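Enquirer: Pasting in a structure now, in structure tokens, and then I'll have a few things to ask.
Readers should treat all values here as calculations from the given coordinates under stated rules, not as data from a laboratory. Just so it is clear, the structure is predicted and the values come from calculations on it, not from any experiment. We place every Cβ from the backbone using ideal geometry, glycine too, and count neighbours over all the protein chains shown.
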Amino acid sequence: MEIKFSHNWNNKLSGQVFTTIRNSSNEKGEYYTNQIGKTFDVWLKGQNVIKKAVLVNVRPIQYNKIPLSLIAVDTGIVDVNKQIDLFKRFGMKETYSIMLVLTFDSI
């Protein structure tokens, strides 16, 4: 299993625990929920695997209901309009997204 990043937002891949907010569907939400406790290969910009991380939490949530402070920590962007622009660039829809919490330490 793998999880890919196009950018190391807020340098989060250098920390021990990190989140990622992604487009999703009911099927993806169910898939990730069934993977809690499993290890994922973490890719950055299509390079080789940079690390392995354990999925510790899955939260289906509309991205516009995620606290702005959490989006700021996740992305490193504090300006609300810039946060919205970023999510629009990624094709994020207000109907369904998912927040994953992973750790580089085993649980």
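Enquirer: Tell me the mean residue ellipticity at 222 nm calculated for the chain from its helices only (DSSP H runs of n ≥ 4, each -39500 (n - 2.57), averaged over every residue, nearest 500).
Expert: -7000 deg cm²/dmol
Enquirer: Assigning unit charges at the beta carbon (Lys, Arg +1; Asp, Glu -1) and nothing else, what dipole magnitude in debye, to the nearest 20, does the chain show about its Cα centre?
Expert: 140 debye
Enquirer: Step through the table entries LYS38/LYS65; LYS4/LYS88; LYS12/LYS52; LYS45/LYS65, compare each Cα-Cα distance with 21 Å, and write down the pairs that go over it.
Expert: LYS38/LYS65; LYS45/LYS65
Enquirer: Helix 80-89: angle to the longest alpha-carbon principal axis of the chain, degrees 0 to 90, nearest 10?
Expert: Tilt relative to the chain: about 60 degrees.
Enquirer: Does segment 1-68 come out rounded, prolate or oblate, given a ≥ b ≥ c as the square roots of the eigenvalues of its C-alpha gyration tensor, rounded meaning a/c under 1.5 and, failing that, prolate meaning a/b above b/c?
Expert: The shape class here is oblate.
Enquirer: Right, here's the next one. Counting pairs of alpha carbon atoms under 8 Å apart in space and at least six apart in sequence, what relative contact order in percent does the chain give? If you can, show how the numbers build up before the last one.
Expert: Working: 183 pairs, mean separation 42.4, N = 107.
Rounded, it is 40 percent for the chain.
Enquirer: Once Rh is set to the Kirkwood radius over Cα pairs, what Stokes-Einstein translational diffusion coefficient, in µm²/s, holds for segment 28-107 at a temperature of 37 °C and a viscosity of 0.692 mPa s?
Expert: Here the translational diffusion coefficient equals 234 µm²/s.
Enquirer: Trypsin sites (Lys or Arg not before Pro), restricted to segment 48-107: which are DSSP loop and have at most 12 other Cβ atoms within 10 Å? Let's see the in-between values first.
Expert: Working: sites: LYS51, LYS52, LYS65, LYS82, LYS88, ARG89, LYS93; in loops: LYS93.
Loop-located and lightly packed - none at all.
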